[in-house]
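*Asks:* Please see the structure below; I have some questions.
What follows is calculated from the coordinates using simple rules that are stated; it is not laboratory data. Please read these numbers as outputs of a predicted model, since none were measured by experiment. Quick reminder, even Gly has a Cβ in these numbers, built from the backbone with ideal geometry, and neighbours come from all protein chains shown.
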Ligand SMILES: [Zn+2]
């Protein structure tokens, strides 16, 4: 029966190793500080579990402190082109437009003078959304720029082209009606194809972010599939550093 014991021990060792390499992706190639870090976030609240969708406020503050300690230059996603020659450029981005972005994230953005882009799914149902008053206050602070994320948070790949175009264009109009401008777009669920990238251009967005977990140079010729650094509310300080250095913290 000894062989069974060895087999189990061997499996446990392999599983532990894979788990470790998956959670500490130091083996991924290092990305130069000349490449911008576009960070993807959703909720910031102490009232939900830490997850890929929620970074608790104290963890978000830890992230901001880390970025400030690296002399990061915070810019809006729409400003990535003009910051191309700079190092340590960071564009924080929040998808969907959760009210907790105002309650918990915005005070920290002010405290650390960090800019962020919030992508509003303007007619989304089922979440506690930012109010118009909150949106106005954040926009006029100069620290937050708003982008569009379709009206109803739709998977563009499941729509016919005309409906997809409408969703994207109308969300831009909605954001413009609120704050006067809407230069950038985020694809809901990260689902889109070549045609949708063309639509983003035709509708007049300057650029668009996806959910590809990478750090890449900003390409002004084709800025419609910008990758982002993935985050998780439960990431520890080391995972945070790895994510910012390499683009992703986990497999
Ligand atoms: Zn979304």
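*Asks:* Can you sort 144, 179 from fewest to most other Cβ atoms within 10 Å of each residue's own Cβ?
*Replies:* If I rank by nearby Cβ atoms, fewest first, I get 179, 144.
*Asks:* Now, a different point. R0 = 22 Å: FRET efficiency of residue 234 with residue 155, Cβ-based, nearest 0.05?
*Replies:* Numbers: r = 27 Å, r/R0 = 1.21.
Efficiency, from the Cβ-Cβ distance: 0.25.
*Asks:* Now for a different question. At a threshold of 8 angstrom on Cα-Cα distance, excluding pairs fewer than six apart, so keeping six or more, what relative contact order does the stretch 1-98 reach in percent?
*Replies:* Relative contact order, the stretch 1-98: 33 percent.
*Asks:* From the alpha carbon gyration tensor of the stretch 76-119, can you work out the equivalent ellipsoid semi-axes (sqrt of 5 times each eigenvalue) and give them in Å, largest to smallest? Walk me through the numbers on the way to the answer.
*Replies:* Details: eigenvalues 96, 32, 7 Å².
The equivalent ellipsoid of the stretch 76-119 has semi-axes of 22, 13, 6 Å.
*Asks:* For the stretch 5-69, just say rounded, prolate or oblate: build the C-alpha gyration tensor, square-root its eigenvalues into a ≥ b ≥ c, call rounded for a/c under 1.5, and beyond that prolate if a/b exceeds b/c, oblate if not.
*Replies:* In terms of gyration-tensor shape, oblate.
*Asks:* Another one. Give me the percent relative contact order of the chain, please, defined on Cα pairs under 8 angstrom at least 6 residues apart.
*Replies:* 23 percent
*Asks:* Moving on to the next point. For the residue pair residue 68 and residue 48, what label-to-label distance in nm results when each label sits 7 Å from Cα along the Cα-to-beta-carbon direction?
*Replies:* 2.6 nm
*Asks:* Let me ask something else about it. Can you tell me which of 103-111, 159-167, 76-84 comes out highest on packing, and rank the rest after it, using the mean Cβ neighbours within 10 Å?
*Replies:* Sorting 103-111, 159-167, 76-84 by mean packing, highest first, produces 76-84, 103-111, 159-167.
*Asks:* Going by how many other beta carbons lie within 10 Å of each one, how would you line up 224, 146, fewest first?
*Replies:* 224, 146
*Asks:* Now for a different question. Can you give me the Cα centroid spacing of the stretch 174-251 and the stretch 19-82 in angstrom?
*Replies:* 13 Å
*Asks:* Taking the 0 to 90 degree range and rounding to the nearest ten, how far is the long axis of helix 132-141 tilted relative to the main principal axis of the chain, both from C-alpha atoms?
*Replies:* 80 degrees
*Asks:* With Kirkwood's inverse mean 1/r over C-alpha pairs for Rh, give me the Rg to Rh ratio of the chain, two decimals please. Walk me through the intermediate numbers first.
*Replies:* Details: Rg = 19.3 Å, Rh = 18.8 Å.
Using only Cα positions, Rg/Rh for the chain is 1.02.
*Asks:* What would the Debye equation give as log₁₀ I(q)/I(0) for the stretch 1-112 at q = 0.15 Å⁻¹, counting only Cα atoms as equal point scatterers?
*Replies:* -0.79
*Asks:* Rounded, prolate or oblate: which one fits the stretch 141-226, using the alpha carbon gyration tensor with axes a ≥ b ≥ c (rounded when a/c is under 1.5, else prolate when a/b beats b/c, else oblate)?
*Replies:* Judged from the Cα gyration tensor, the stretch 141-226 comes out oblate (a/c at least 1.5, b/c at or above a/b).
*Asks:* If you don't mind, there's one more thing I want to ask. Just to confirm the number: angle between the C-alpha axis of helix 161-179 and the first principal axis of the chain, 0 to 90 degrees, nearest 10?
*Replies:* 70 degrees
*Asks:* Still on this structure, please answer the following. Pop the C-beta distance of residue 84 and residue 13 into the FRET formula with R0 = 51 Å and round what comes out to the nearest 0.05.
*Replies:* 0.65
*Asks:* Taking only Cα atoms, what is the 0 to 90° angle, nearest 10, from helix 57-69's long axis to the longest principal axis of the chain?
*Replies:* 90 degrees
*Asks:* Okay, moving on. When averaged across all projection directions, what area in nm² does the alpha-carbon convex hull of the stretch 191-251 cover?
*Replies:* Value for the stretch 191-251: 5.0 nm².
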